Amino acid sequence: MKRAATARLRPAALVHNLGIARRAAPRSRVMAVIKAEAYGHGLLRVADALAPHTDGFAVSCLEEAFALRNAGHALPLLALQGFRDGHELVHAARQGIAVAVHDPVQLRLLETTPLPRPVRVWLKLDSGMGRLGFPAEDAFVRLRALQNCANVAASPVLMTHLACADEPGRAENAAQLARFEAATRDLPGERSLANSAAILGLPRAHGDWNRPGILLYGASPMADGDARRHGLQPVMTLQAPLVAVHGLAPGDAVGYGATFRCRRPTRVGVVAIGYADGYPRHVPSGVPVCLPQGRAPLIGRVSMDLITIDLTELPGAAVGDPVTLWGEGLPVEEVARAAETISYDLLCAVAGRVRVEEVAGDAH
């Protein structure tokens, strides 16, 4: 059963934001990252909107890639975590899905698993992230093994992932780029290094393929960024109705645990959204929401179905008014900073019981 809370999605903003990624790196092709249900926006919905404008899609796992193929998407697909076993590898080859290879077990499976046709491979090198990937210095040996494998189609793409691209001035970025460049300087194949932050802030990282993720959805990829500074537009506006308004006296408590007490006569609004809808329970009092009359601060604890806000400075606010939790008029990264988290966390957490509506019209 759906709730009154609604995520309003603007597909035109997706296309607009993709255009910003292209203009920032005009010589690179785009592998649009739509993993994790397209950062909470809906895998197939986002794929349909971006398919005419991108060169391919990157997802986390093969299950997501299979869903795209089964829905009729024929663009190049990349499974960023590769395959877990021979069964997945066979199906990836059958459906023409590229796989990241980052582990010796995957190499052995490629060499020993009978496939219906060769599979496209992206060779993942660890240049300093310390997560997935072969040591960058092993690039020559690993690439040669893949080139000698009959199950591998063409020359693998050489890829890495930057750990600190959201802070372009950090020394780690230059160190990772130098390590990757030194390890791959004389090797054939296309390159892919840049995520959203590197697309906007590290031109040296622009490769044959860039992998924009969070910027597609209109949030800044920079640690201290403002999406509007880059011309990005929010795709999701999360809203819920104001369902009650009442007055409390100084000293009265609001919400579970009585963690907030009014310091003045306070006009309290109750909004039909809570942590079961994906609004984070841990946000403190003071986090802003936006009404047609202006902004108001959250007060008291977030509960399962409701939040409470201080409407004292907005005397015109009334039951039925829409309350924006993030999106147009209230950047998601601003809310994320106030909540001591990141925009990815907020967007990906929107729950299935929230209504989804597509908003037609051009981006603005």
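The values are calculated or read from the model by the stated rules, or taken from the named source; none is laboratory data. From a predicted model like this one, the values you see are computed outputs, not experimental measurements. Neighbour counts are summed over all protein chains in view; Cβ atoms, including those assigned to glycine, are modelled from backbone coordinates with ideal geometry. In case anyone asks, the SASA skips ligands and DNA or RNA and just uses the protein heavy atoms, side chains included. Shrake-Rupley method; radii C 1.70, N 1.55, O 1.52, S 1.80 Å.
Search region 174-185 for residues that are closer than 13 Å to L158 by Cα and pair each with any residue that is part of a helix (DSSP H, G or I) and among the β-branched types (V, I, T) when their beta-carbon atoms are under 8 Å apart and the residues are at least 6 apart or on different chains.
Listed pairs, sorted by first residue: none to list.
Only helices (runs of 4 or more DSSP H) wholly contained in region 1-105 count here; list those with 1 or more residues that are buried (at least 19 other Cβ atoms within 10 Å of the Cβ) and over 17 Å from the mean Cα position of the chain (by Cα).
11-24, 62-70, 86-94
Which residues, counting only those in region 260-281, are of a type outside the set (F, W, Y), more than 15 Å from G247 (Cβ to Cβ) and part of a loop (DSSP other than H, G, I, E, B)?
A272, I273, G274, G278, P280, R281, listed by residue number.
Suppose we filter A174, A163, A154 for residues that are modelled with pLDDT under 95 and touching a Lys or Arg at 6+ places or on another chain (Cβ under 9 Å); which single one remains?
The unique qualifying residue is A154.
Just checking, which of E340, E328 is open to solvent by 40 Å² or more (accessible area, probe 1.4 Å) and closer than 20 Å to A12 by Cα?
E328 is the lone residue from the list that is open to solvent by 40 Å² or more (accessible area, probe 1.4 Å) and closer than 20 Å to A12 by Cα.
Would you pick out the residues in region 218-244 that are open to solvent by 50 Å² or more (accessible area, probe 1.4 Å) and under 21 Å from S285 (Cβ atoms)?
Correct list: V243 only.
Quick check on this structure: which one of L238, L242 is hydrophobic (A, V, I, L, M, F, W, C), closer than 20 Å to T341 by Cβ, under 31 Å from the mean Cα position of the chain (by Cα) and assigned to a strand (DSSP E or B)?
From the options L238, L242, the qualifying one is L238.
Which of the residues that make up region 282-307 are open to solvent by 10 Å² or more (accessible area, probe 1.4 Å), farther than 19 Å from L346 by Cβ and either polar (S, T, N, Q) or not in a strand (DSSP E or B) (or both)?
Of everything in region 282-307, those that are open to solvent by 10 Å² or more (accessible area, probe 1.4 Å), farther than 19 Å from L346 by Cβ and either polar (S, T, N, Q) or not in a strand (DSSP E or B) (or both) turn out to be P292, Q293.
Please list, ordered by first then second residue, the pairs with beta carbon atoms under 6 Å, 6 or more apart or interchain, first in region 122-145 and within 18 Å of G207 (Cα to Cα), second among the aromatic types (F, W, Y).
Between residues of region 122-145 that are within 18 Å of G207 (Cα to Cα) and residues that are among the aromatic types (F, W, Y), the close pairs are L125/F134; S127/F180; A136/F180.
Going by what's in this entry, would L125 be described as open to solvent by less than 30 Å² (accessible area, probe 1.4 Å), assigned to a helix (DSSP H, G or I) and within 27 Å of R179 (Cα to Cα)? So that I can check it myself, show each step before the final result.
On the way: open to solvent by less than 30 Å² (accessible area, probe 1.4 Å): yes; assigned to a helix (DSSP H, G or I): no; within 27 Å of R179 (Cα to Cα): yes.
When the stated conditions are applied, L125 does not pass them.
Among the residues of region 146-175, write down those that are outside any helix (DSSP H, G or I), open to solvent by 30 Å² or more (accessible area, probe 1.4 Å) and within 25 Å of G201 (Cα to Cα).
If the condition is that a residue be outside any helix (DSSP H, G or I), open to solvent by 30 Å² or more (accessible area, probe 1.4 Å) and within 25 Å of G201 (Cα to Cα), then H161, A163, D166, E167, P168, G169, R170 are the ones that fit.
Answer with yes or no whether G213 is small (G, A, S), surrounded by 24 or more Cβ atoms within 10 Å (Cβ to Cβ), within 30 Å of I307 (Cβ to Cβ) and touching a helix residue (DSSP H, G or I) at 6+ places or on another chain (Cβ under 6 Å).
No; evaluated as a whole, the condition is false for this residue.
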